[in-house]
Amino acid sequence: MAREAAELNGDGIAAELRDSVHAVNDALGRPLEFQPVDWSVERREADPTSLDEGVDAVSTLGIAMKYPTVTKTVSPNQVLRDRCGMAVIHRPCRSYPGVSKNYSGELDLHVVRVATGGTYEDAGHRIGYHSAVSVRIMERTPVEHAAHFAFRLAERTGGSVVSSSKYTIQRAADGLFEEIVDEVAKRFPDVEHRRELFDALLAKMILGPERFDVVVTPNEYGDFLSDAAYGLIGSIGLGASATYAFTPDHVPRIGVFDPAGGTAPDIAGKGIANPSGALEAFGYLLEFCGDETGGTKVIDAVRECIGAGETTRDLGGALDSAGFTAAVIRRACG
């Protein structure tokens, strides 16, 4: 029986990415039944209750596929984080053969980001003409969730955990983050853990990214790090993202899956968008639902297509969105 999943439809290339995911879902025998919610900026601005509709669908069904959305008056991502208790963002960053012009090694990095707090929690305010101020926040519970997620992930993959922040400068906020990670690390004695100052981490990742397995960071640092990693692998369009809410025992209870890229309005409606990130996110959604086989088939098929040169134009290939989707289906279902 198909599992029901919320589908948060957005803006720009969202419709093309959705069509690609639907085609793969159909080819797999429809393991998911999507319940669509119109989260386009036009509807959200005209009818604020549409935000409630999306939140209710995610909360009720526990899983969602989300497509890129424009932020105008309100950030839909922030609404989900605040109202559904989304605490952790997981961004797997893997290199693809022949894609990057800057890095030819093998990158397999998991960025685990606290989804709340940091400097993103407070937009701040101006103080006269010359100054402005904002508050930086670090909360224990989301950090505990992120640390448990990171160590369990490293335990499954056989990797190590690096916690990274500016703890020597931001002694209160980042110091608390590192203290909490250290506490959680004691529960995972078989997983190697070390600290890295964030600026040093960025330099080391550029010089030798293959040395890192799982990196757990506060909110804004994880945002910077995952985009830098996507730059190394050749395109932010290759990125998938998952955001989780947790039980008190740090077990994910809600998962929202989406491509890491944006709305790309310059190519919207042209049928040339790269659906790789959306399809990988769909694969991770299937795994979260317990369909490990289906999820792995999709994720591996995306990687195999790109490795074989069956790519969209942004990666130097000749395929449009539909052509790439068909290639993924052939490999996933062949």
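Inspect all residues belonging to the stretch 136-152 and state whether any of them is touching a Lys or Arg at 6+ places or on another chain (Cβ under 6 Å), within 19 Å of Ala185 (Cα to Cα) and at pLDDT 95 or above.
Step one: of the stretch 136-152, the residues touching a Lys or Arg at 6+ places or on another chain (Cβ under 6 Å) are none.
No: zero hits.
Looking at (1) of a type in the set (Gly, Ala, Ser); (2) in contact with a Lys or Arg (Cβ under 9 Å, 6 or more places away or on another chain); (3) buried (at least 19 other Cβ atoms within 10 Å of the Cβ), find the lone condition where Ala172 falls short.
Condition (3) is where Ala172 drops out.
Looking only at the stretch 290-315, count how many residues are among the hydrophobic types (A, V, I, L, M, F, W, C) and either surrounded by fewer than 19 Cβ atoms within 10 Å (Cβ to Cβ) or not assigned by TED's automatic domain parsing to the domain that holds Ile63 (or both). Reasoning before the result, please.
Within the stretch 290-315, the first condition is being among the hydrophobic types (A, V, I, L, M, F, W, C), and the residues that meet it are 298-299, 301-302, 305-306, 308, 315.
Cutting the leftovers down to either surrounded by fewer than 19 Cβ atoms within 10 Å (Cβ to Cβ) or not assigned by TED's automatic domain parsing to the domain that holds Ile63 (or both) gives us 308.
Of the residues in that region, 1 qualify.
Within the stretch 229-262, take every residue that is in a loop (DSSP other than H, G, I, E, B) and within 15 Å of the chain's Cα centre (by Cα) and give me the one that is surrounded by the fewest Cβ atoms within 10 Å (Cβ to Cβ). Reasoning before the result, please.
To start, the set of residues in the stretch 229-262 that are in a loop (DSSP other than H, G, I, E, B) comprises 234-235, 239, 247-251, 260-262.
Subsequent filtering for residues that are within 15 Å of the chain's Cα centre (by Cα) retains 235, 239, 260-262.
On the way: Ser235: 20, Gly239: 24, Ala260: 22, Gly261: 23, Gly262: 15.
Restricting to residues being in a loop (DSSP other than H, G, I, E, B) and within 15 Å of the chain's Cα centre (by Cα), the top hit is Gly262.
Is it true that some residue in the stretch 121-139 is of a type outside the set (D, E, K, R), touching a residue at least 60 places away in the same chain (Cβ under 8 Å), crowded, with 18+ Cβ neighbours inside 10 Å and over 17 Å from Gln78 (Cα atoms)?
Taking the stretch 121-139 first, the residues of a type outside the set (D, E, K, R) are 123-125, 127-135, 137-138.
The next check asks that each one be touching a residue at least 60 places away in the same chain (Cβ under 8 Å); those that pass are 138.
The next check asks that each one be crowded, with 18+ Cβ neighbours inside 10 Å; those that pass are 138.
Add one more test, that the residue is over 17 Å from Gln78 (Cα atoms), and what stays is none.
No, the stretch 121-139 contains no residue that is of a type outside the set (D, E, K, R), touching a residue at least 60 places away in the same chain (Cβ under 8 Å), crowded, with 18+ Cβ neighbours inside 10 Å and over 17 Å from Gln78 (Cα atoms).
A quick yes/no check of all residues on (1) over 29 Å from Glu292 (Cα atoms); (2) at pLDDT 95 or above; (3) buried (at least 19 other Cβ atoms within 10 Å of the Cβ):
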| site | (1), (2), (3) |
| --- | --- |
| Glu4 | no, yes, no |
| Leu8 | no, yes, yes |
| Gly12 | yes, yes, yes |
| His22 | no, yes, no |
| Leu32 | no, yes, yes |
| Gly54 | no, yes, yes |
| Leu61 | no, yes, no |
| Ala64 | no, yes, yes |
| Thr71 | yes, no, no |
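So that you can scan it fast, the table gives a plain yes or no per residue for (1) modelled with pLDDT of 95 or more; (2) outside the structural domain of Ser321 (by TED's automatic domain parsing):
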position	(1), (2)
Arg195	yes, yes
Asp199	yes, yes
Ile206	no, yes
Val215	yes, yes
Asp223	no, yes
Asp227	no, yes
Tyr244	yes, no
Val251	yes, no
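Cβ-Cβ distance below 7 Å, separation of 6 or more or different chains: which pairs start in the stretch 148-166 with a residue that is in contact (Cβ under 8 Å) with a residue 40 or more places away in the chain and closer than 22 Å to Leu202 by Cα and end on one that is in a loop (DSSP other than H, G, I, E, B) and aliphatic (A, V, I, L, M)?
Close Cβ pairs (under 7 Å, with a partner that is in a loop (DSSP other than H, G, I, E, B) and aliphatic (A, V, I, L, M)) amount to Phe151/Val191; Ala154/Val191; Ser160/Val191; Val161/Val191.
Got a number for residues in the stretch 39-59 being part of a helix (DSSP H, G or I) and either among the aliphatic types (A, V, I, L, M) or out of contact with any strand residue (DSSP E or B) (no Cβ under 8 Å at 6 or more places or on another chain) (or both)?
Of the stretch 39-59, the ones part of a helix (DSSP H, G or I) are 41-46, 49-59.
Those left that are additionally either among the aliphatic types (A, V, I, L, M) or out of contact with any strand residue (DSSP E or B) (no Cβ under 8 Å at 6 or more places or on another chain) (or both): 41-46, 49, 51-52, 55-58.
Summing the residues that are part of a helix (DSSP H, G or I) and either among the aliphatic types (A, V, I, L, M) or out of contact with any strand residue (DSSP E or B) (no Cβ under 8 Å at 6 or more places or on another chain) (or both) in the stretch 39-59 gives 13.
Within the stretch 297-311, identify whether any single residue is farther than 30 Å from Ile254 by Cα, touching a strand residue (DSSP E or B) at 6+ places or on another chain (Cβ under 7 Å) and not in a helix (DSSP H, G or I), and answer yes or no.
The answer is yes, given that some residue of the stretch 297-311 is farther than 30 Å from Ile254 by Cα, touching a strand residue (DSSP E or B) at 6+ places or on another chain (Cβ under 7 Å) and not in a helix (DSSP H, G or I).
The values are calculated or read from the model by the stated rules, or taken from the named source; none is laboratory data. Just so it is clear, the model here is predicted, and its values are computed rather than measured. Note that we place each Cβ from the backbone using ideal geometry, even for glycine, and neighbour counts take in every protein chain shown.
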